[in-house]
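The next block holds one structure in the form of structure tokens; read it before the comments.
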Amino acid sequence: MHRYAFILTRPLQLIPVLFGISVLCFFLVKSIPGDPVRLLLGTKSTPEAVARIRAQYGLDEPLLTQYIYFLKNLSAGEMGHSLLYKMPVLPLIAERVVPTLMLVVGSVLLTLLIAVPLASLAALKRGTATDHAIRGFTTAGLGFPAFWLGIMLIIVFSVKLGLFPVAGFGESWLSKLHHMVLPCLTVALALSAIVTRNLRASMIAELASDHATAARAKGLPESWVFRRHVLPNSLIPTINLLAINVGWLIGGSVVVETVFSLPGMGQLLVRAIFTRDYMVVQGVTLVFACATVVLNFVADLLTVAADPRVKI
Amino acid sequence: MSVEALSRGNWLARGFGALGLGRANLNLRLGAAIIVGWALIAVFAPWIAPYDPITHNLADKLQGPSLLHPLGTDNFGRDILSRVIYGARIDLQMGVLGVLFPFLIGTTLGAIAGYAGGWVDILLMRILDVVLAFPFLVLMLAIIAILQPGLTSFYIALALVGWVSYARLVRAQVLVLKTSDFVTAARSLGFGRFRILFRHILPNCIAGSIVFSMSDVVLVVLAGSSISYLGLGVQPPTAEWGVMIAEGQNFITTAWWITTFPGLAIVLMAFGFSLLADGLAERFGLRQP
């Protein structure tokens with residue numbers, strides 16, 4: 001079988017997962033305590049009005065039929081209406097995608113920018129004080145609460161030094177980037193702890209590998225061996241590690257968006273929970289779950305593209 | 001007992017080992033010391049804390065660190081040190097209870113699925129795939145949205161979401177051990193399935209779960225304080241570190257101490273559990289130092 005054949009077969013395997021996600025999201029809203037119609041109409045509604053709405057939304061049908069309606073609507077991009085914003089959920093989410101996307105992509109880039117030099121330094125100077133200091137950072141960094149780290153960065157870089165805006169999201173792209181620096185740094189500092197730890201371990205393994213020894217035996221300088229032989233090979237597991245942490249990354253972005261008042265999907269979710277805007281909660285959860293599944297698929301693709309030996 | 005373990009019997013040798021040689025033990029001991037320290041602080045909070053953590057004292061509001069208030073006071077004049085001390089009760093409880101329920105549920109379900117095989121296993125693995133497809137925190141928030149915001153909802157949500165990691169871990173181990181000789185021996189003695197599973201197989205694969213649960217505590221404490229920070233977990237005026245950070249965020253330009261110290265407390269507690277996890281992993285030989 002061709003090594004890219006999984007591009008066709010994998011989505012088929014994902015169908016049960018996507019089906020499960022839809023079932024879970026469906027029951028999430030179904031299990032809200034209290035009558036959803038009374039929630040919609042208020043407590044003073046007449047029984048006739050309740051019955052009418054019930055029929056209109058198909059709430060008097062059996063659960064299975066309701067689920068099929070839900071799927072039908074979903075395939076048409078219909079995720080219900082937001083009670084708070086008085087608009088359909090999907091466009092509402094679409095408006096909020098950009099800050100979240102910038103946050104996630106920016107954090108990953110910044111993570112690599114931090115983790116690659118740190119891991120290289122630790123792996124090359126293994127056992128020295130530098131190595132111990134970097135390993136200390138990776139152990140401690142795992143336990144840094146992102147929301148607190150964000151506030152500390154605000155205190156230092158925004159309040160004391162005045163380098164970055166305290167919160168919000170700018171108008172122009174340049175201003176948006178300026179607003180994104182601290183949020184991305186917040187997520188990246190926490191994530192780079194995990195990445196540095198694993199990257200260091202795989203670098204040490206690669207440094208001792210046969211192909212590195214062979215390259216050295218050819219008389220290649222150590223810096224060349226490291227850059228061209230060790231680094232590319234040790235970065236491959238990192239792709240997987242980032243894929244495993246996509247869920248964590250999205251969760252972190254929810255919290256960080258709240259810290260920096262970024263108008264992203266995470267902030268939308270948190271506000272929706274407070275205002276009991278259940279259709280928005282359902283929509284955002286659904287989109288986040290699908291994004292996780294898709295990103296994992298992309299990570300598989302990248303791994304195969306980066307390493308011809310890998311078969312999925 | 002191995003030679004290495006025998007040589008550890010001497011306290012003096014242990015001390016020297018901790019200083020330079022035995023890094024694995026250093027992790028374990030330092031981690032244990034930090035966690036025991038927090039546990040003592042949590043238990044004896046009413047005797048250690050210099051002030052009441054809840055009562056307002058507006059005359060002393062927003063004071064910086066001083067001899068009277070070593071970590072300063074917040075906008076209601078409450079002593080930050082006392083609140084951090086009382087916060088240890090909630091956050092330690094969140095970490096321990098928050099791991100206990102997923103541990104018990106996940107271990108049981110994973111063991112049953114791995115041992116029973118067949119449709120039970122397939123069904124469980126499908127459910128597991130679905131739960132894992134969701135970002136952890138997002139699914140927890142969604143569940144909390146349906147229940148009421150609060151500590152109980154946090155535990156329920158965590159139990160519903162967190163069990164999957166344990167189930168997967170234990171299932172994989174049970175699958176391996178199921179075919180081993182001592183299980184065949186137990187079966188040939190006519191022992192029942194539950195006795196074999198819970199008395200013979202499970203004790204042999206629990207070490208991995210215990211080590212994982214230690215590093216899981218870190219994630220749970222962070223998740224708990226994050227959710228409380230968002231306002232969906234522990235509710236004010238209870239002294240909880242995430243709540244304190246949320247309350248202090250409005251005062252970062254004037255009173256940095258309100259947010260800084262509770263955060264440091266979280267970092268220190270998480271660091272303790274991380275060290276404990278690393279040390280235990282090395283002791284059980286599950287991870288190379």
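The values are calculated or read from the model by the stated rules, or taken from the named source; none is laboratory data. Only a predicted model underlies this, so the values are computations on that prediction, with no experimental measurement involved. All Cβ positions, glycine included, derive from the backbone under ideal geometry; neighbour counts span all protein chains shown. The accessibility values were calculated without ligands, DNA or RNA, using every heavy atom of the protein model including side chains. Shrake-Rupley method; radii C 1.70, N 1.55, O 1.52, S 1.80 Å.
Only residues that are within 23 Å of the chain's Cα centre (by Cα) and closer than 14 Å to B:PHE261 by Cβ were counted in region B:34-73, giving 1.
Taking helices (runs of 4 or more DSSP H) that do not extend beyond region A:220-312, which have at least 3 residues that are touching a residue at least 40 places away in the same chain (Cβ under 8 Å), at the interface with another protein chain (Cβ under 10 Å from one of its Cβ atoms) and buried (at least 19 other Cβ atoms within 10 Å of the Cβ)? Let's see the steps before the verdict.
On the way: elements: A:231-244, A:246-259, A:265-274, A:278-306.
In region A:220-312, A:246-259, A:265-274, A:278-306 are the helices (runs of 4 or more DSSP H) which contain 3 or more residues that are touching a residue at least 40 places away in the same chain (Cβ under 8 Å), at the interface with another protein chain (Cβ under 10 Å from one of its Cβ atoms) and buried (at least 19 other Cβ atoms within 10 Å of the Cβ).
The conditions of being within 25 Å of B:ALA45 (Cβ to Cβ), touching a Phe, Trp or Tyr at 6+ places or on another chain (Cβ under 6 Å) and more than 14 Å from chain A (Cβ to nearest Cβ) are not met by B:ALA265. Taking residues in region A:1-15 that are open to solvent by less than 60 Å² (accessible area, probe 1.4 Å), and partners anywhere that are acidic (Asp, Glu), the pairs with Cβ atoms closer than 9 Å and at least 6 places apart or on different chains are A:PHE6/A:ASP300; A:ARG10/A:ASP300. Residues in region B:163-186 that are within 16 Å of B:ALA133 (Cα to Cα) and open to solvent by 10 Å² or more (accessible area, probe 1.4 Å): B:TRP163, B:SER165, B:ARG168.
Looking at region A:85-160, the helices (runs of 4 or more DSSP H) lying wholly inside it that each contain 2 or more residues that are β-branched (Val, Ile, Thr) sit at A:89-95, A:97-124, A:129-141. If you check A:ALA115, A:ALA123, A:ALA119 for being modelled with pLDDT of 90 or more, over 29 Å from B:VAL138 (Cα atoms) and either touching a helix residue (DSSP H, G or I) at 6+ places or on another chain (Cβ under 8 Å) or open to solvent by less than 70 Å² (accessible area, probe 1.4 Å) (or both), only one passes: A:ALA119. Put simply, of B:PHE284, B:PHE212 the only residue that is more than 10 Å from chain A (Cβ to nearest Cβ), closer than 19 Å to B:GLY114 by Cα and not small (Gly, Ala, Ser) is B:PHE212. For region A:53-89, residues that are open to solvent by 70 Å² or more (accessible area, probe 1.4 Å) and within 18 Å of A:GLY283 (Cβ to Cβ) total 12.
Scanning region B:245-286 for residues that are touching a residue at least 12 places away in the same chain (Cβ under 8 Å), open to solvent by 20 Å² or more (accessible area, probe 1.4 Å) and assigned to a loop (DSSP other than H, G, I, E, B) yields B:THR254, B:PHE284, B:LEU286. The set of residues in region A:143-168 being over 19 Å from the mean Cα position of the chain (by Cα) and open to solvent by 40 Å² or more (accessible area, probe 1.4 Å) consists of A:VAL156, A:PHE157, A:VAL159, A:LYS160, A:LEU161, A:GLY162, A:LEU163, A:PHE164, A:VAL166, A:ALA167.
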